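The values are calculated or read from the model by the stated rules, or taken from the named source; none is laboratory data. Nothing here was measured: the structure is a model prediction, and the numbers come from that model. Please note: Cβ atoms are built from the backbone with ideal geometry, for glycine as well, and neighbour counts cover all protein chains shown. Quick note on the areas: whole protein, heavy atoms, side chains included, nothing else; ligands and nucleic acids left out. Shrake-Rupley method; radii C 1.70, N 1.55, O 1.52, S 1.80 Å.
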Amino acid sequence: MSKPADNILLAIAGLGLLTGTLDAIAAIIISYPATPEQIARFIASGLFGNDAFSGENMVAWGIFIHYMIALAFSAAFFTLHLKFRKLTKNIYILAVIYGVLIWVTMNLAVLPLTEIPKRPEHDHIIWWPIIKGMLALIICLGLPIAIFAERYYRRIAKRRTRRDITGKMHG
């Protein structure tokens, strides 16, 4: 019988809550002097456009959307972790890979499809916001996902090995 700690859905839900909270804290720090309310409304603007900046319940929507995005990335990389481990066994390198892939996906695929107000075009790339964003995602999502997934899958493998040994000995 599987234990609650082995339940992959509970593991992913807990990981999504952790990564969402860490990323929210990072967003508040990085976005200062913007308030948490302004950040949540900005996130909600991805779905509701400019109405998010004045509408009711938009802070709650922003928080909900933020956590759903964190949960989606946590679930995706958690379930794909064993495939990514074929690239490297080093969880810190995996954390960097996950964080960069999340940044690329959000900034080049997801955000352009949303209603978030567009930033002014520049003649050159402004690196500091990109670096800060990637570092935040590496630390707040990539690292927890890599560590949590590694521990989870290692624990499952140990239990299977013990069960196989015990089954053969008693079988």
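Quick look at the values:
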{"read-out": "Accessible area expressed per residue, the chain, with surrounding protein chains retained (probe 1.4 Å, Å²)", "value": "66 Å²"}
{"read-out": "Rg and Dmax of the range 36-171, Cα atoms only, in Å", "value": "19.8, 71"}
{"read-out": "Interchain or long-range residues, amide H under 5 Å from residue 34's placed H", "value": "none"}
{"read-out": "Listed pairs 86/118; 132/158; 89/158; 89/132 exceeding 28 Å between Cα atoms", "value": "86/118; 132/158"}
{"read-out": "The chain: most fluctuating residue of 154, 119, 85 per GNM, C-alpha cutoff 10 Å", "value": "119"}
{"read-out": "Relative contact order computed over the range 1-147 (Cα-Cα under 8 Å; 6+ residues apart), in percent", "value": "33 percent"}
{"read-out": "For the chain, with +1 on Lys and Arg beta carbons and -1 on Asp and Glu, the positive-most of 157, 33, 59 along the dipole", "value": "157"}
{"read-out": "Rounded percent of accessible protein surface that carbon and sulfur make up, the chain, 1.4 Å probe", "value": "68 percent"}
{"read-out": "Karplus-derived HN-Hα couplings along the range 22-38 (A = 6.51, B = -1.76, C = 1.60, θ = phi - 60°), whole Hz, x at Gly and Pro", "value": "4, 5, 5, 4, 4, 4, 5, 5, 5, 8, 3, x, 4, 8, x, 5, 4"}
